[in-house]
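The values are calculated or read from the model by the stated rules, or taken from the named source; none is laboratory data. Keep in mind that this is a model prediction, so the values were computed, not measured. Backbone-built Cβ (ideal geometry, glycine too); neighbour counts: all protein chains shown. The accessibility values were calculated without ligands, DNA or RNA, using every heavy atom of the protein model including side chains. Shrake-Rupley method; radii C 1.70, N 1.55, O 1.52, S 1.80 Å.
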Amino acid sequence: MQQVDELMEYFEERKQNNTKDFLLRLLSKWHYFVLFGILGVSIGFVVNSMLPPQYRTETSLLINEDSKGLGLESIFDKLDFNSKTNISKQVGVLKSYTINQRALKNLDWAVSWYKKEWFKSRDLYGNPPLVIKQHEGERNVSGIPVYVTPLSNHTFNLRVDGKVEINGNEVSIKINKNGIFGKPFRHKYFHFTLGIPTNKTFQKGEEYFFIINDLNKMTIDYMEKLNVSLAEKNAGLIRMQLIGEMPNRCVDYLNELNWVFLQFGLQEKNRISENTMRFINAQLQGIVDSLQMAGQSFSSFRSRNRTMNLGQEASLVVEKLEGLETNLATAEMRLKYYKNLHRYLENEDQMQQVVAPSVVGITDPSLNTLVIKLTEMYGKREVLRYSVHDKNPSLVLLNNEILHIRRSLEEILGNMMTNAEVEVESLEKRMEKIKTQLATLPKTEQELINIKRRFDLNNELYTYLLKKRAEAAITNASNVPDARVLDPAQVGTAKKVGPIKAVSLLVGLLLGMGIPFLVFLIKDFFNDTIQNREDLEKESQLPVLGSIVHNRRRMELPVVEYPRSEITECFRSLRTSLQFQWAYKANKVIAVLSTIPGEGKSFVAMNLSAILALGNKKVLLVGADLRKPRLQKVFQCSEEIGLSTYLCNQHTFEEVLCSTDIKNLDFIPSGPIPPDPAELLNNGKFEKFIEQGRKLYDYVVLDSTPVSLVTDGILAGRFADSNLFMIRRGYSRKEQVKMINRIARQGAVKKVGLVLNDVLEKKQGKYRKYGVYSNGKGYFNDKPLHHIQKERSRRTKKN
């Protein structure tokens, strides 16, 4: 368990090191962040000045949750079916497509005019330069700019160049032709007339453009921009906000939306009383005619027969007959209402037009309650459909409740229709008996009774319906909306909300600095090169013997010229690691190899040899790279002789040996490039060469050929006591480390170690190329050798 914890701690520490290393590499590129940050701030400033200003306009509505109309009790027989207004429902109505589209239709924003300015277009709302009249029945393409340039007081130039979607297909429209003010402009996609407004002056040659708006798209656009919310959670106050470039346009829209919303609510409240009045008016039309005819017949009969009153027996018969007829008419009216209501239940649209049962004299509480409740449910569902989809839980629950009420109502209607039919049949039988008594009376009295009976029946029905109509009219007049405008939208209260300069500059700064960060992040993500010692140790189990810092002096032998520099200390550390990694051996052959060119193999071989020689060891540096030699140019040795001529038996060991300016360091160049270096290294002479070098020198350092290209490096490395593979930071790839691992596993060479070259040292949390401390005062002593020698000489004389 302890080993697992230690392993997890090791991986966590490595992860932190990788993150820290990445951040430090970012800090080393600080100049890119500064440059792009300044560029981003500049772009943010320019964009801020180019963007049109944005204004926020507001309006608020006060919802009366307990409002009731007047006079409803008389119509619906004291049935209180008014429920509290649902505030959330009102918010949904305000955001609905139907309400917003109705407001836009009332505003008649069919065309929007603009004027082109520098990098932006100015909305000419309320001050159009020209008047456009669209002809009824003619279609104009919407959503594409139409540029108009007045040429004179009579003519203009019209230009269109753009693409628009028509019936799902993208169509390119190009127009450039002149037109005459006041006369129709005809084209395949346009048909309208342009005119000059009264008392309007404009500059000739100035270009304007207009866009014919699509009502549906404009409605959706305003619905997205409109923000409707409750001022407080439990308060009946709704606040609406709209942000746009033109505050007067936003003000007009919000106020029109308020008016449409109030009218919509009032219309819903008046619907029942209006249905009642329409029903009564339809009934009165027939009754008025019947009443007039019955009155004329009654008067004519009395004048003609000089009969003023009925006898006592006839009066009793008439009284009974009129009572039965009134009851029969009421019963038939109820039966007709039941049948119509049963038919309306199958049609939701007709159900919206049904009148209350109490209008026709039905006082059954359960029927009145169910009819009113069902009508309300249909109204709520119609409103709810404006703002939610069909699968919304609230709408599904409402549909289920409507279905339950309909079933209850159908069951009650079935019983009531049966009872009404029985009642009508009973009244008709009783009337037959009365009519039998009437037949025994004199003929004159019989005729007078029939005429008077029809007149009294129609007069009674007429009086009843007039009373009900008056009650419905009172109710309709007393209804008020459930909301009122508390604060109308005003241009003076519009507040500028954008663009905010500070925000634009901050966004520009973040985006500007984000670009190099993103570039470095992507580059680092896809970078498979070795970046630090941790990466190297992660990819290989071979020992990392040392790290060589970046050669900021840009010279071949910095260990000689700058003995106290950080790079010299790195080579001293490498020398120590070699002695501790493998047991000390007086005669030691070290092969310096790489997988590909450019990893610093020759540079490390030279400086390693020099630092060994400076440690009072006899060192021989051999240019074993017979394909692309470089060391002989550094030490200025002849290219005519060297290792290749020795292996060809043209020269002896002493003849190819070249002395250097560095004490204890000799050099053997590679010599002329042979046609087949691999065969030359494998002919047996190279092994004798190495043995002779072991006898004469403490260390033999081989600068070998890259092993990934040819086998020369492996052939030379077989005779070495230790093989150092160079890995260059930011240059060598992880695949090359895997190749070195395979070479070590296969045993092609022995005692393989890794050296990380060209690393960057850290100082105060930043990457910096610098020398090592020579004292405790916090400065560096990396002066050239001749400066150090002069300083020592001066101190000696002083002492």
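Would you mind getting me the FRET efficiency between Gln490 and Lys217? Use the beta-carbon distance for r and R0 = 45 Å, nearest 0.05. Mind dumping the intermediate values first?
Details: r = 28 Å, r/R0 = 0.62.
After rounding to 0.05, the efficiency reads 0.95.
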I'd like the accessible area for Thr493, computed on protein heavy atoms only with a 1.4 Å probe and all protein chains in place. Round to 10 Å², please. 90
Largest-first principal axis extents, alpha carbons of region 485-580, Å: 93, 34, 19
So, over other residues within a Cβ distance under 12 Å of Val592, counting Lys, Arg +1 and Asp, Glu -1, the net charge is -2
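Given a 1.4 Å probe and every protein chain left where it sits, what share in percent of the accessible area of region 571-661 is carbon and sulfur? Show your work: numbers first, answer last.
Details: 1840 of 3890 Å².
Using a 1.4 Å probe with all protein chains present, region 571-661 comes out at 47 percent carbon and sulfur.
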At His135 and Met555, where each label point lies 7 Å from the Cα along Cα→Cβ, what is the point-to-point distance in nanometres? 9.3
I'd like to check one number: the per residue accessible area of region 138-212, probe 1.4 Å, reported in Å² as a whole number. 58
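Determine the alpha carbon to alpha carbon distance for each of Lys225/Lys391; Lys339/Lys429; Lys163/Lys188 and list only those over 18 Å. Mind showing how you got there, number by number?
On the way: Lys225/Lys391 25 Å; Lys339/Lys429 22 Å; Lys163/Lys188 14 Å.
Too far apart for the 18 Å limit: Lys225/Lys391; Lys339/Lys429.
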Could you give the length gained by full extension between Tyr97 and Leu696, i.e. 0.36 nm per residue of separation minus their alpha carbon distance, to one decimal place? 205.8 nm
Ranked highest first by average number of other Cβ atoms within 10 Å, how do 602-615, 723-736, 632-645, 126-139 line up? 602-615, 723-736, 632-645, 126-139
Take the cross-link list Lys617/Lys750; Lys588/Lys750; Lys269/Lys468; Lys628/Lys688 and give me the ones stretching past 21 Å between alpha-carbons. Lys617/Lys750; Lys628/Lys688
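I need the peptides 365-372, 407-414 ranked by packing, meaning the mean over residues of other C-beta atoms within 10 angstrom, with the highest value on top.
Working: 365-372: 18.1, 407-414: 14.6.
Listed from highest to lowest mean packing, they are 365-372, 407-414.
What does the extension gain come out to for Ile500 and Leu403, with contour length at 0.36 nm per residue minus their alpha carbon separation?
On the way: separation 97, 0.36 × 97 = 34.92 nm, distance 5.44 nm.
Stretched fully, the Ile500-Leu403 segment lengthens by 29.5 nm.
Around Glu735, what is the net charge, scoring Lys/Arg as +1 and Asp/Glu as -1 over all other residues with Cβ under 15 Å from its Cβ? Each step should come with its number before you reach the end.
Details: positive: Lys538, Arg728, Arg733, Lys734, Lys738, Arg742; negative: Asp528, Asp535, Glu539, Glu599.
Within the 15 Å Cβ shell, the charges total +2.
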Show me the three semi-axes of the equivalent ellipsoid for region 90-153, from the C-alpha gyration tensor (sqrt of 5 times each eigenvalue), largest first, rounded to whole Å. 29, 17, 11
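Let's test the formula: R0 of 60 Å, r as the Cβ-Cβ distance of Lys163 and Lys336. What FRET efficiency results, to the nearest 0.05?
Details: r = 62 Å, r/R0 = 1.03.
Once rounded, the FRET efficiency stands at 0.45.
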Run the 1.4 Å probe and let me know the accessible area of Trp30, rounded to the nearest 10 Å². 150
List the equivalent ellipsoid semi-axes of region 101-255 in whole Å, largest first, each obtained as the square root of 5λ for an eigenvalue λ of the Cα gyration tensor. 33, 19, 14
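Over region 122-170, what lengths in whole Å, largest first, do the semi-axes of the equivalent ellipsoid take, defined as the square roots of 5 times the eigenvalues of the alpha-carbon gyration tensor? Mind showing how you got there, number by number?
Values: eigenvalues 107, 40, 35 Å².
After scaling each eigenvalue by five and taking roots: 23, 14, 13 Å.
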Please give the contour-minus-distance gain from Trp30 to Thr198: 0.36 nm per residue of separation, less the Cα-Cα distance, rounded to one decimal in nm. 54.1 nm
Probe 1.4 Å, all protein chains in place: accessible area of Asp221 in Å², nearest 10? 60
